[in-house]
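Here the structure comes first, spelled out in structure tokens, and everything after it is commentary.
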Amino acid sequence: MNTMIAPDVRETVCDFENLYNAMNVCKKSVMWKDSVAGWTKNGIINCARLEEQLKNGTYNIDEYSRFIIYEPKKRDIVSTRFKDSVFQRSLCDNYLTEQITKSFIYDNGACLTGKGTEFARGRLVAHIQKFYRKHGRNGYVLKCDITNFFGSTPHSVVKEKMRKLCDDDWAYSEVCRIIDSFGTKDNPEVGMGLGSQATQLCQLAVLNDIDHGIKEHKRIKHYVRYMDDLILLHENKDTLKDCLQYIRDELEKMGLQLSAKKTQIFPITQAIHFLGYSFRLAETGKVVKKVLPNKFSHERHKLKRMKGLVEDGKLTRDKMDKCFESWLAHATAEPSDRRKGSPFLCRTDDYHRIENMKRFYKSLWEV
């Protein structure tokens, strides 16, 4: 009788070919960085060296690069060095992603292949439409947002969640090493890096038990989560109040808390703001989707700055045109070749504002 022997996780993750494939994935869209170009120029040698370090136990995580971004809001970004990104990509692609996401609910929409912001917005629209067919416009929305989700998550909580999901001791120890590499000077045991693929997956797992609690114990059919943004729909306001208390209690156990400003219960007839868009249920049952106004003003300021770079010779007109075309595709949800036929695509109802943006962009180049 033949028995199949499961491949060793460490050997698979640290295999040269898998590391080299991970490097080719990681370098996409960041080859403009000198550090990435230098590392990949000698990619074969560097991947072989990385393989040797991982296998003989001399691999160490390099110091992170830290900076702040202000879109869509102020965020502290901890950027992983390219060498460490290659290892994390191999770890995630060859073990971690499949291992921990198999227990995720379908409507957990962040950072996974085939999912993302477009998927999550499409699922919200689908849930609103299903709700309308059964309850009309008689219902409520619970919208939750966690305060400083990445920056305030205790390492002990993440490790506990990952221990339940990782069945390989070596992989778990590497995940713990990545987790412990974050934190602040004031509190090295709290906080996860926002720019790390592994920590993105870990943070998705932190709220996994809450997802199952809402779906399986609270019996909420219409629920969507994108990282720390949670949307629940129900015909009974008291039911959503009970869910809110449940979420608050579970987060408190983990040392996390909801944002008082962004967490609220309101009638489903009001607009739902989710992932940069506004979703409003019309009397006819149509879900009207529009880009939030601040996204237009932000894009105008961005285009003005880019125009200055073009005039200074630091950016080409062609690249600026492509950036604007990309923004238009995002704002209108026009399908690219990759997304044609997507069941989750939801076009926006912003015709006049989009046309104004086109006229504004054209006016930038008029003498």
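The values are calculated or read from the model by the stated rules, or taken from the named source; none is laboratory data. Just so it is clear, the structure is predicted and the values come from calculations on it, not from any experiment. No Cβ is skipped: glycine too gets one built from the backbone with ideal geometry, and neighbour counts run over all protein chains shown. Note: accessible area is taken over every heavy atom of the protein model, side chains too, but ligands, DNA and RNA are not part of it. Shrake-Rupley method; radii C 1.70, N 1.55, O 1.52, S 1.80 Å.
Miscellaneous remarks
- With every protein chain in place, the chain: carbon and sulfur % of accessible area (1.4 Å): 49
- Distance in nm between pseudo-label sites at Glu160 and Thr117 (7 Å out along the Cβ direction from Cα): 3.3
- Modelled spin labels at Trp170 and His212, positioned 7 Å past Cα toward Cβ, are 2.8 nm from each other.
- The residues of the chain expose on average 54 square angstrom of accessible surface per residue, using a 1.4 Å probe on protein heavy atoms.
- Most mobile of Met254, Met320, Met227 in a GNM of the chain (Cα contacts under 10 Å): Met320
- Amide H contacts of His222 (H built 1.01 Å from N, in plane; Pro and chain starts excluded): Leu233 sit under 5 Å, all sequence-distant by 5 or more or on other chains.
- Residue with peak Gaussian network fluctuation, the chain [Cα springs, cutoff 10 Å], from Ser196, Ser152, Ser103: Ser103
- Distance between the pseudo-spin-label points of Ala48 and Ser35 (7 Å out from Cα toward the beta carbon): 2.5 nm.
- The accessible area of Trp170, taken with all protein chains in place and a 1.4 Å probe, comes to roughly 40 Å².
- Exposure rank, largest accessible area first [Tyr351, Tyr59; 1.4 Å]: Tyr351, Tyr59
- GNM result for the chain, Cα springs below 10 Å: residue of His352, His212, His234 fluctuating most strongly: His352
- For the range 114-204, relative contact order (Cα pairs under 8 Å, six or more residues apart, normalised by length) works out to 27 percent.
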